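The values are calculated or read from the model by the stated rules, or taken from the named source; none is laboratory data. These numbers were taken from a predicted model, which means no experiment stands behind them. Ideal geometry is used to build each Cβ from the backbone, glycine not excepted, and the neighbour counts take in all protein chains shown.
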Amino acid sequence: MIPVISIQDKTIASFIFGQEINLSTFQLVTAFDQFINKNCKRYIIETVPSYHMVTVFFNRTISSDLLTKEILAMWEKYPVGNALNTTKQITIPVCYEEPFALDLDRVSKEINLSKEQIIEKHCEPLYTVFFIGFLPGFPYLGGLQKDLYIPRLEIPRKNVQKGSVGIGGQQTGIYPVDSPGGWNIIGKTPIDLFNVKRKHPFLLQAGNQLKFEKISKEQFDELEQQLSKDSEYVFELLKMN
Amino acid sequence: MKQLLKVLKKGVFCSLQDNGRFHFRKFGIPTAGPMDKLSFELGKKILGNDNNITALEIFYGGMSFEALSKHEYVLVGADMNAKVNEKEIESWKTFILNEGDILKVQFSKQGSIAYLIPIGGFKEESILNSCSTYLKANLGCNIQNGTILYGEDYPIFKNRRGLFYKFIPQFPSHHQVRVVPSYQLNYFEEKDVNRFFSEEFQLSSGDRMGYFYKGPKLKMKCKKDILSEPTMFGTIQIPPEGQPIILMADGQTVGGYPIVGKILDDDLWKVAQQRYGDRISFIRENINE
């Protein structure tokens, strides 16, 4: 599919593949992002993909020849099919117990599900990382079950701890750093999504698939301790080597 | 490595900035880097240095330093009436600090940002390929009273160096900047769009993440869900109350508010240097045609 091109500056252009959140649009976004980073490397500094578009920061002034004759001509021949199948699947351990599940009791009453049901429904889907933004390493996840849709807090918390797992609106996510935030907190992971001391500072990238796995408070404490001794251990733990 | 300066008073806000942090936007890390790239680059030129060096970006002023060794510097950007041992010094011209000298960077009358650059730049640990400070991700140095700034040994110049007056950027209280319209522009009421491009807006508050302006409100034609999309330094967002926010160097990489357009990179220094109460006019730039 030929994207709509929106020029934003002399060296910045966005390639738009639709106006909705859905997997077929996202498949094109992921494929185009892979394509331009691989086949047009010499023209670009970096790209940012989102639900429906890829914004490309070029290292030179954009010309219409570069866009149409070079990039779009090559893109037409690019095999889109497997873009999402090649990505990683990652399981994030989450403790849904006290003292981490700050809002679980209230959420349970509000959406009329037991705490166990909420945890089960949160751990069931295979989520898609649509893109990363808002905070360093923060994943925008698609795939939350409808039963878990719940409005965000009316008054956001001044500080949500790093690792907190929340639900809000139609989304679920993990806070990579301490931050103000308005999501309903239902658990916490001992894993750092973002840690500059690691060889690979960012755990997730757009296109990854993600599952949550319930762990106990004891397991949480044990993992937290191991990770504080050796931050690289996370890759072994998540079988990401 | 040598100790250059001790921060005695950290002032309103300051941060170390190099060219910026690239290749990590897709992980949610903005490029950071200098807000007023023009002054930053001219400052490097005065020092005869085109490399990626680190400067101290000073927001609004109110700082003082004690020199811990002899070194040559330049102050560029907004003129903050700097003094060395209570004697005034000129901006845009190199000066020497001797051990024990006190440098005071006071407040500007025009423009809001100054850069203090030592020959060779400040030395700071590079994280994710950059020395630029981005405090939201705890990247770089959070400067406090007492912080020591490091540099490298460099010989001082034979003569003081500066910039011809006609090349020095001016920071009047009103600027025109060119805006490339977003494809979302037709989501707004046409009469509001016309006012946006013909009337003035006034800076009400701001920091390295975003500048907030007040002026005629922009309303959407109908309530429309906007998908979050990549944003950058210069993106103009309109939150529900209708007043523009210009995303600055530390602005988020993705945003969900409707977008009017993007200010051309070449004009961003004019925005960066605005002071609270300064006015801005947006000129439509049709780059897409």
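Taken over region A:68-99, residues that are modelled with pLDDT of 85 or more, aliphatic (A, V, I, L, M) and in a loop (DSSP other than H, G, I, E, B) amount to 1.
In this structure, does A:TYR96 turn out to be in contact with a strand residue (DSSP E or B) (Cβ under 8 Å, 6 or more places away or on another chain), in contact (Cβ under 8 Å) with a residue 40 or more places away in the chain and closer than 30 Å to A:GLU20 by Cα? So A:TYR96 does not fit the description; no.
Selection over region B:225-241 of residues that are farther than 25 Å from A:GLN170 by Cα and not hydrophobic (A, V, I, L, M, F, W, C) gives a count of 2.
Could we say that A:SER164 is of a type in the set (Gly, Ala, Ser), within 16 Å of the chain's Cα centre (by Cα) and at pLDDT 90 or above here? Before the answer, list the steps.
On the way: of a type in the set (Gly, Ala, Ser): yes; within 16 Å of the chain's Cα centre (by Cα): yes; at pLDDT 90 or above: yes.
Taking the combined requirement at face value, the residue satisfies it.
Of the set (1) more than 14 Å from chain B (Cβ to nearest Cβ); (2) in a loop (DSSP other than H, G, I, E, B); (3) touching a Leu at 6+ places or on another chain (Cβ under 6 Å), all apply to A:GLN27 but (2).
Pairing residues of region B:189-209 that are without any contact (Cβ under 8 Å) to a residue 12 or more places away in the chain and part of a loop (DSSP other than H, G, I, E, B) with residues that are surrounded by 15 or more Cβ atoms within 10 Å (Cβ to Cβ) and hydrophobic (A, V, I, L, M, F, W, C), at Cβ distances under 8 Å and at least 6 apart in sequence or on separate chains, gives no pairs at all.
Just to be sure I understand, how many residues within region A:50-61 are in contact (Cβ under 8 Å) with a residue 40 or more places away in the chain, at the interface with chain B (Cβ under 9 Å from one of its Cβ atoms) and either in contact with a Ser or Thr (Cβ under 6 Å, 6 or more places away or on another chain) or in a loop (DSSP other than H, G, I, E, B) (or both)? Show your work before the answer.
Pass one, region A:50-61, residues in contact (Cβ under 8 Å) with a residue 40 or more places away in the chain: A:50-51, A:53-61.
Still in the running and at the interface with chain B (Cβ under 9 Å from one of its Cβ atoms): A:50-51, A:53-55, A:57.
Now narrow it down to the ones that are either in contact with a Ser or Thr (Cβ under 6 Å, 6 or more places away or on another chain) or in a loop (DSSP other than H, G, I, E, B) (or both): A:50-51, A:53-55.
Number satisfying all stated conditions: 5.
Flag not set for B:VAL105, criterion: of a type in the set (Val, Ile, Thr), at pLDDT below 95 and outside the structural domain of B:MET232 (by TED's automatic domain parsing). Being exposed (fewer than 14 other Cβ atoms within 10 Å of the Cβ) and either within 14 Å of chain A (Cβ to nearest Cβ) or touching a residue at least 12 places away in the same chain (Cβ under 8 Å) (or both) holds for only one residue in B:GLU152, B:GLU229, B:GLU241, and it is B:GLU241. Quick one: B:GLN252 ticks every box in (1) within 13 Å of another protein chain (Cβ to nearest Cβ); (2) more than 16 Å from B:ALA32 (Cβ to Cβ); (3) modelled with pLDDT under 95 bar one, so which box is it? Result: B:GLN252 fails condition (2) only.
Per the conditions (1) surrounded by fewer than 18 Cβ atoms within 10 Å (Cβ to Cβ); (2) away from chain A (no Cβ under 14 Å); (3) among the hydrophobic types (A, V, I, L, M, F, W, C); (4) not in a strand (DSSP E or B), the sole criterion not satisfied by B:ILE96 is (4).
On the given criteria, is A:PHE58 aromatic (Phe, Trp, Tyr), outside the structural domain of A:GLY187 (by TED's automatic domain parsing) and surrounded by 14 or more Cβ atoms within 10 Å (Cβ to Cβ)?
On the way: aromatic (Phe, Trp, Tyr): yes; outside the structural domain of A:GLY187 (by TED's automatic domain parsing): yes; surrounded by 14 or more Cβ atoms within 10 Å (Cβ to Cβ): yes.
Spelling it out, A:PHE58 is indeed aromatic (Phe, Trp, Tyr), outside the structural domain of A:GLY187 (by TED's automatic domain parsing) and surrounded by 14 or more Cβ atoms within 10 Å (Cβ to Cβ).
If I ask for residues that are more than 17 Å from the chain's Cα centre (by Cα), surrounded by fewer than 23 Cβ atoms within 10 Å (Cβ to Cβ) and within 12 Å of another protein chain (Cβ to nearest Cβ), which ones from region B:5-38 would you list? Of everything in region B:5-38, just one residue is more than 17 Å from the chain's Cα centre (by Cα), surrounded by fewer than 23 Cβ atoms within 10 Å (Cβ to Cβ) and within 12 Å of another protein chain (Cβ to nearest Cβ), namely B:HIS23. Quick check on region A:211-223. Is at least one of its residues touching a helix residue (DSSP H, G or I) at 6+ places or on another chain (Cβ under 7 Å), modelled with pLDDT of 95 or more, surrounded by 14 or more Cβ atoms within 10 Å (Cβ to Cβ) and of a type in the set (Phe, Trp, Tyr)? Yes, there is a match, as at least one residue in region A:211-223 is touching a helix residue (DSSP H, G or I) at 6+ places or on another chain (Cβ under 7 Å), modelled with pLDDT of 95 or more, surrounded by 14 or more Cβ atoms within 10 Å (Cβ to Cβ) and of a type in the set (Phe, Trp, Tyr).
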